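Below is one structure; the comments refer to it alone.
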Amino acid sequence: AFPCYDEPSFKATFDITLRRPKAYRSWSNTKLKSSDATVNIENYMDDVFYTTPVMSTYLIAIIVAEYKSLEDNAIPQQLKYEVIARPDAIDNGQGQYAYDVGQKLLAEMSDHTGLDFYEVDANLKMTQAAIPDFSAGAMENWGLLTYREAYLMYDEKQTNYNSKQLIAYILSHEIAHMWFGNLVTCDWWDVLWLNEGFARYYQYFLTNAVETEMGFETRFITEQVHTALLADAANNPHPLTNPGVGSPAQVSGMFSTLSYNKGASLIRMTEHLLGYNVHREGLRKYISDFKFKTALPINLFESLEAAAKEAGALAEYGPNFSLVEYYKSWTEQGSAPVLFVEVNHQTGDMTVTQQRFNINTGMSTSNSLWIVPVSFATASKPDFTNTKPTHILSATANVIPRGSQGDEWVIFNIQQTGYYRVNYDSYTWDLIIRALRGEDRIKIHPYNRAQIVND
């Protein structure tokens with residue numbers, strides 16, 4: 001629409017005026033300031049929009065269409081939330097679900113981040129726009145979010161429940177971008193996960209907070225963690241922080257399963273490492289410190305570490321544990337480890353070794369190391385509720401006491417909060433298999449049963 005430096009770090013404010021036929025309406029990122037007849041051009045109007053917040057160019061959007069609006073206020077300057085679409089779709093009530101649940105999701109995300117969407121900039125409003133033919137599926141343009149019509153319009157008589165879930169979690173994804181991507185933007189596409197990893201994470205967990213019956217917390221395991229681990233097991237998976245990205249093809253390649261699914265999986269792992277409240281405080285600090293700016297991964301890591309130190313959340317991991325180095329070990333190299341657990345059932349000692357996993361060869365020959373938070377449950381202590389890691393593994397081989405002697409199963413990675421695979425010695429596998437075939441299987445968390453099958 002206009003010449004610009006179309007890179008995320010070039011942020012500016014924009015004053016937009018749209019000239020349109022009288023029979024049409026127009027929308028842009030901010031509220032409509034005025035609408036006047038075009039001078040010397042009959043049947044045309046000039047729509048002037050309020051100045052945008054400081055933003056990246058890729059988030060600018062304009063719509064001129066014969067659309068109707070389901071809105072919370074008919075006065076443009078007072079508008080906060082609306083859903084726009086073809087007149088028939090609005091008249092038939094197909095925008096009502098997006099209108100209702102979208103406002104709940106927006107309010108929940110505002111509370112979670114500690115920064116209300118409408119207080120970010122007085123000129124912002126939230127328009128959810130349904131586009132009949134939109135190949136991208138959805139786009140997080142600031143204040144004017146666009147969706148393929150099937151991802152926004154809901155008909156109680158025609159839309160199945162799976163499609164309703166799609167609408168809810170795509171709304172969550174795009175709404176999350178208002179903070180992670182729009183307000184705080186990745187400095188360059190080589191760290192795209194700072195945008196898309198968080199959006200994918202909230203796609204599941206923001207939706208789960210509002211539409212609890214849809215089961216998105218459970219779906220995250222198989223749809224995100226397992227798919228990410230599979231993609232990461234290829235011969236040369238790209239790291240999340242991937243210096244050297246420059247060409248359009250390289251930029252496009254960063255919009256991958258890894259940037260989205262792995263990014264979200266690592267965010268979930270870190271939340272369980274720090275605890276929900278501490279993690280949230282770290283994210284709030286990150287957003288507050290870098291709003292209207294671009295950010296690098298180190299900015300996120302240091303914000304989380306500062307919140308964790310203030311809360312004393314890292315003390316149990318020892319004086320040498322660094323959250324910054326932990327996160328770097330997962331984002332600056334590709335792939336993921338498999339932990340091999342060999343149990344001495346007489347002493348209860350468990351020797352745990354880590355090695356890079358490769359889908360083609362099983363084990364990779366590369367000397368990769370990760371800082372791995374681990375947790376485990378046993379037959380005598382089958383507690384799968386406490387997901388706080390008990391040990392941090394940073395060496396190739398580590399010895400961990402199981403806390404019991406004698407033959408009993410042990411299962412690592414409670415609720416599969418950690419982003420890694422687990423293998424066991426053959427005898428321990430036999431004990432796990434016996435438990436899964438008997439009444440003890442109900443003691444093993446469903447997420448771990450899914451993990452065992454996937455591993």
query: Stretched out fully, how many nm does the piece from residue 92 to residue 443 gain, at 0.36 nm a residue minus the Cα gap?
result: 121.5 nm
statement: Counting only DSSP beta bridges with both partners in the chain, the antiparallel fraction in percent, to the nearest 5, comes to 70
- request: Within the range 1-96, list the chymotrypsin sites (Phe, Trp or Tyr not before Pro) lying in a DSSP loop whose Cβ has at most 16 other Cβ atoms in a 10 Å radius.
  value: 5, 10, 24
- request: Loop sites only, by DSSP: take the trypsin sites (Lys or Arg not before Pro) in the chain that have at most 12 other C-beta atoms within 10 Å and name the longest stretch containing none of them.
  value: 158-455
task: Over the chain, calculate the relative contact order: mean separation of alpha carbon pairs under 8 Å at least 6 apart, over the residue count, as a percent.
output: 11
task: Using R₀ = 22 Å, calculate the FRET efficiency as 1/(1 + (r/R₀)^6) where r is the Cβ-Cβ separation of residue 156 and residue 24; round to 0.05.
output: 0.15
statement: Computed over the chain: longest principal axis from alpha-carbon atoms vs helix 276-290 long axis, angle to nearest 10 degrees, is 40
- prompt: Along the range 370-385, what does the Karplus equation 6.51 cos²θ - 1.76 cosθ + 1.60 (θ = phi - 60°) give for ³J(HN,Hα), rounded to whole Hz, x for Gly and Pro?
  reply: 10, 8, 9, x, 10, 9, 7, 10, 10, 4, 7, 9, x, 8, 9, 8
- prompt: In degrees from 0 to 90, rounded to the nearest 10, what is the angle of the helix 297-311 Cα long axis to the longest principal axis of the chain?
  reply: 70
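Starting with the highest mean, order 369-375, 394-400 by the number of other Cβ atoms within 10 Å, averaged over the residues of each peptide. Write out the running numbers ahead of the final one.
Values: 369-375: 21.4, 394-400: 14.3.
Order by mean packing, descending: 369-375, 394-400.
Given the convex hull over the Cα atoms of the range 337-454, what projected area results after averaging over all orientations, in nm²?
Values: hull surface 27.7 nm².
Averaged projected hull area, Cα only: 6.9 nm².
Per 0.36 nm of contour for each residue apart, how much would the distance between residue 252 and residue 223 grow if the chain were fully extended, relative to their Cα-Cα spacing? Don't skip to the end; give the middle numbers.
Working: separation 29, 0.36 × 29 = 10.44 nm, distance 2.20 nm.
Extending this stretch completely gives an extra 8.2 nm.
What is the fewest-to-most order of 278, 54, 245 by other Cβ atoms lying within 10 Å of their Cβ? If you can, show how the numbers build up before the last one.
On the way: 278 20, 54 14, 245 17.
Fewest to most other Cβ atoms nearby, the residues stand as 54, 245, 278.
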Phi-based couplings in Hz for the range 200-206 (Karplus 6.51, -1.76, 1.60; Gly and Pro marked x): 5, 4, 6, 3, 9, 7, 5
message: Going by amide H atoms built from the backbone, whose H comes under 5 Å of the H on residue 391, apart from near neighbours?
response: 374
- request: Would you calculate, for the chain, the mean residue ellipticity at 222 nm contributed by helices, counting each DSSP H stretch of 4 or more residues as -39,500 (n - 2.57) and dividing by all residues, to the nearest 500?
  value: -10000 deg cm²/dmol
Karplus-derived HN-Hα couplings along the range 389-399 (A = 6.51, B = -1.76, C = 1.60, θ = phi - 60°), whole Hz, x at Gly and Pro: x, 9, 9, 10, 9, 10, 9, 5, 10, 9, 10
- request: Once you have a ≥ b ≥ c as the square roots of the Cα gyration tensor eigenvalues for the range 11-178, tell me rounded if a/c is under 1.5, and otherwise prolate or oblate according to whether a/b is larger than b/c.
  value: oblate
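Per 0.36 nm of contour for each residue apart, how much would the distance between residue 66 and residue 386 grow if the chain were fully extended, relative to their Cα-Cα spacing? Present the calculation step by step, with values, prior to reporting the outcome.
On the way: separation 320, 0.36 × 320 = 115.20 nm, distance 5.38 nm.
This chain segment gains 109.8 nm when fully extended.
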- line: Taking alpha-carbon centroids only, the range 291-339 lies from the range 414-455 a number of Å equal to 28
query: Which Cα, out of 230, 312, 288, lies furthest along the positive dipole direction of the range 189-331 (beta carbon charges, K/R +1, D/E -1)?
result: 288
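Values quoted throughout were computed directly from the atomic coordinates according to the rules given, and no laboratory measurement underlies them. Predicted, not measured: the structure shown is a model, and the values here were computed from it. As a convention, Cβ positions derive from the backbone with ideal geometry for all residues, glycine included, and neighbour counts pool all protein chains shown.
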